[in-house]
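Chemist: Structure below; questions to follow.
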Amino acid sequence: MLVEALADHREWRRCWIEEVSVARDRASCLLEGAVAVSGVEVVQPLAVAATDAFKPLVLEPVASVVVMGGPVNNPGCSSLEKEKMEKGKAVSGSRPPRPLSSLVRRCISTAHLATSSTPDTVESESQILEPSEPGEGEQSEFFPMIRSGGWTDIGGRQYMEDAHLRIDNLGTKFGPSFVGENAGAFYGVFDGHGGQDAAHFVRENLLRFILDDVDFPSAIDEAVRNAYLQTDHAFAEACLLDQDRSSGTTALTALIIGRQLLVANAGDCRAVLCKHGKAVEMSRDHKAACMKERARIEALGGYVDDGYLNGQISVARALGDWHLTGLKEYGANGPLTAEPEMRQTVLTEDDEFLIIGCDGLWDVFTSQNAVDFARKKLQQHNDPEICSKELVAEALRRETHDNLTVVIICFRPDPPPRLGASLTPVKRSISAEGLRCLQDILDGCL
């Protein structure tokens, strides 16, 4: 008895599964026929989704479905599908038909039906699922209210070789014709070596080359790139007239036009953007020992010895240094280049301030550490110049041995908002310099 019961159950289950399959096939054909009757064009993903949507509806064998009083005669169905439909009719009995309107409502969204008549306007699945980046393709009322402050200190060096530049409004200084309708600002830090002449020359001339370039302001990235190289060659000519000026400098600049922020860097200065309390590095340190820079240096006939380019200089990019043998050549690409690396972003409500500084600051501060320190100070007094002075003082307390130059650019008139979650203080078990070395190792720079 048990064996016969199991056999009957298996036969019943086989017939039920076959009926479910027949019903699903009939539903797919029915949908195609109904859409053809209504004159609605459906893209392929919709048809697939509609077929899958019938799965939870078919809990038992389904009878024939009628449209306008009779079965659908869909010429798109194959002979095999029609045979299955006829077989389904014979097996299913005389249950009442399921209304077509309810099926369509449960498998086709109104958004698809609204746009299916114009397939070119239907967004792909990837376009729907992937969120757009902040500020891209969206109108925003945010406009940066720029104010800045800076501070310098000789640090542990015998001479001060750093220089910096702060211009909060280019239109006021040079006239609105230079920047068009959008407000503009310009900032730079220049870390000299072998003397201060190169740093001061770049500070006095770089911006002029940017504004005079034919690509400004329509293509500011090209204008800035050209200006770096032109300034480098102009200083080479100045050194031919006065060899006592022979020296070099790294350079990092931040150009703001409207909401566009462009950071250009040649050397080991650094720019860090505070985005709602998070540090976003807008530049990369160009150390000679960095793997990317080492590959470029060796491809141009140079070498790196104990972290020094050709055993002479620790940075891989700089302006000046034409007096150093084998690093730069007139009319040719040498292993030491003045071409900047640029990063650009659109400022949003989340962007609070930008820190730019020479390597004397970053020898004892990590990027996030500097942002946390500056953010806390700005919450107290909301003064970027006082905050710059406090950053310099803290770097001296942490025993940095280099010249110090820090510039802070705020994008809003109010202080940074306090974050909801407070961090539990943790004792630091490794120095800032050690953290920096560890970061260099992780970045593949050592």
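The values are calculated or read from the model by the stated rules, or taken from the named source; none is laboratory data. Computed from a prediction, not measured in an experiment: that's the story for all the values here. Quick reminder, even Gly has a Cβ in these numbers, built from the backbone with ideal geometry, and neighbours come from all protein chains shown.
Chemist: For the range 215-228, give me the residue count where each residue is surrounded by fewer than 19 Cβ atoms within 10 Å (Cβ to Cβ) and either within 18 Å of Leu324 (Cβ to Cβ) or at pLDDT below 95 (or both).
Modeler: Number satisfying all stated conditions: 3.
Chemist: In the range 162-178, which residue that is part of a helix (DSSP H, G or I) and modelled with pLDDT of 80 or more is nearest to Pro384 (Cα to Cα)? Write out each step before concluding.
Modeler: Of the range 162-178, the ones part of a helix (DSSP H, G or I) are 170-174.
In the following step, the residues that additionally are modelled with pLDDT of 80 or more were identified as 170-172.
Numbers: Leu170: 19, Gly171: 22, Thr172: 21 Å.
Once the filter is applied, the top-ranked residue is Leu170.
Chemist: I need the full set of residues from the range 333-380 which are of a type in the set (A, V, I, L, M, F, W, C), in a helix (DSSP H, G or I), crowded, with 22+ Cβ neighbours inside 10 Å and out of contact with any Cys (no Cβ under 7 Å at 6 or more places or on another chain), in order please. Quick ask: steps written out before the conclusion?
Modeler: Narrowing the range 333-380 to residues of a type in the set (A, V, I, L, M, F, W, C): 336, 338, 342, 346-347, 353-356, 358, 361-362, 364-365, 370-371, 373-374, 378.
Next cut, in a helix (DSSP H, G or I) only: 361-362, 370-371, 373-374, 378.
From what is left, the residues that are crowded, with 22+ Cβ neighbours inside 10 Å are 361-362, 370-371, 374, 378.
Result: Leu361, Trp362, Ala370.
Chemist: Given the conditions (1) surrounded by fewer than 18 Cβ atoms within 10 Å (Cβ to Cβ); (2) in contact with a Ser or Thr (Cβ under 9 Å, 6 or more places away or on another chain), and given that Leu319 satisfies all but one, which numbered condition is not satisfied?
Modeler: Answer for Leu319: the failing condition is (1).
Chemist: Under the condition of being more than 19 Å from Ala185 (Cα to Cα) and either small (Gly, Ala, Ser) or not assigned by TED's automatic domain parsing to the domain that holds Leu419 (or both), which residue from the range 251-281 is nearest to the chain's Cα centre (by Cα)?
Modeler: It comes out as Ala279.
Chemist: I've got another one for you. I'm checking my understanding of the structure. Among residues of the range 393-404 that are surrounded by fewer than 22 Cβ atoms within 10 Å (Cβ to Cβ) and not charged (D, E, K, R), which one is nearest to Asp363 (Cα to Cα)? Quick ask: steps written out before the conclusion?
Modeler: Here is the first cut: in the range 393-404, the ones surrounded by fewer than 22 Cβ atoms within 10 Å (Cβ to Cβ) are 393-394, 396-399, 401-402.
Cutting the leftovers down to not charged (D, E, K, R) gives us 393, 396, 401.
Values: Ala393: 14, Leu396: 11, His401: 9 Å.
Filtering the range 393-404 for residues that are surrounded by fewer than 22 Cβ atoms within 10 Å (Cβ to Cβ) and not charged (D, E, K, R), the one nearest to Asp363 (Cα to Cα) comes out as His401.
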